[in-house]
Amino acid sequence: MATWIEDIVSALEKLGGVAPLQEIYKEVKNIRPAPHPKSFDATIRGAIERNSSDSKAHTGSNDLFFSVHGLGAGIWGLRSYVPTTPIANDIGLLPIGTAEPARGEQTTYRVLRDTDLARKLKLMHKNKCQICSLTLRIKDSTYSEAHHIIPLGSPHNGPDTPENIIVVCPNCHVQLDYFSMELVPGKIATIAGHSIGDKSIKYHNDKVKGL
């Protein structure tokens, strides 16, 4: 018989790499032959926590699972499923640089800030835009971007928290970056464990209105 860890990993793989504990319990029950012990849920939860550096119960041997901090109890995922951000082919390697660089005026139009938390949220949403529902496919995978509703940089100084992040497609992201699109709470797709803060939405919509 497979180990508890092997069954949990298999369950999360079937669930797309991340899921609430209740869904993990259900999927492991489908995988693991009956009878199941009375401590079934506690056994699974304990196995996950012992194998995650996000948990105080981590034993330090393996670090297989992650918990998205701030999303409430019981949202766990496979650390191996957290995606890296694709780099466009036209970017290339950065130059080494010089100690005395020439100075000149330069315009930066957009910066993608793909934090660890943002990548986990994109995995949770399966790269589906929370505004227009588009799932953009690039070759054999899907792609989305994470927008910090109150921008991280100066002068906004927004937080890198789940309540301040929305998963979007590139088209919607550009409009949000330029404050050209209002956020309508009732039209934003949500999933269990991730909600967007009213403070962030108000800040953004005030900017759209020029307040």
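The values are calculated or read from the model by the stated rules, or taken from the named source; none is laboratory data. Everything quoted here is computed from the prediction, not taken from an experiment. Neighbour counts are summed over all protein chains in view; Cβ atoms, including those assigned to glycine, are modelled from backbone coordinates with ideal geometry.
So here's what we get for this one:
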read-out	value
Extreme residue, surrounded by the most Cβ atoms within 10 Å (Cβ to Cβ), among residues of the range 175-185 that are at pLDDT below 95 and not in a loop (DSSP other than H, G, I, E, B)	Asp177
Matching residues in the range 190-211 - criterion: being in contact with a strand residue (DSSP E or B) (Cβ under 9 Å, 6 or more places away or on another chain) and part of a loop (DSSP other than H, G, I, E, B)	Ala192, Gly193, Ile196
Some residue of the range 142-153 being assigned to a helix (DSSP H, G or I), surrounded by 14 or more Cβ atoms within 10 Å (Cβ to Cβ) and not small (Gly, Ala, Ser)	no
Ile188 surrounded by fewer than 18 Cβ atoms within 10 Å (Cβ to Cβ), within 26 Å of Gln22 (Cβ to Cβ) and out of contact with any His (no Cβ under 8 Å at 6 or more places or on another chain)	yes
Candidates Ile138, Ile201, filtered to the one that is of a type in the set (A, V, I, L, M) and modelled with pLDDT under 95	Ile138
Selection status of Ser10, within 25 Å of Ala118 (Cβ to Cβ), modelled with pLDDT of 90 or more, among the small types (Gly, Ala, Ser) and surrounded by 12 or more Cβ atoms within 10 Å (Cβ to Cβ)	no
Selected residue [part of a loop (DSSP other than H, G, I, E, B), under 22 Å from the mean Cα position of the chain (by Cα) and more than 21 Å from Ile191 (Cβ to Cβ)] from Asp63, Asp54	Asp63
Test: residue in the range 119-128 that is at pLDDT below 55 and surrounded by fewer than 15 Cβ atoms within 10 Å (Cβ to Cβ)	no
Pair list, Cβ < 8 Å and 6+ apart or interchain, from the range 170-185 residues that are small (Gly, Ala, Ser) to residues that are surrounded by 14 or more Cβ atoms within 10 Å (Cβ to Cβ)	Ser180/Val208
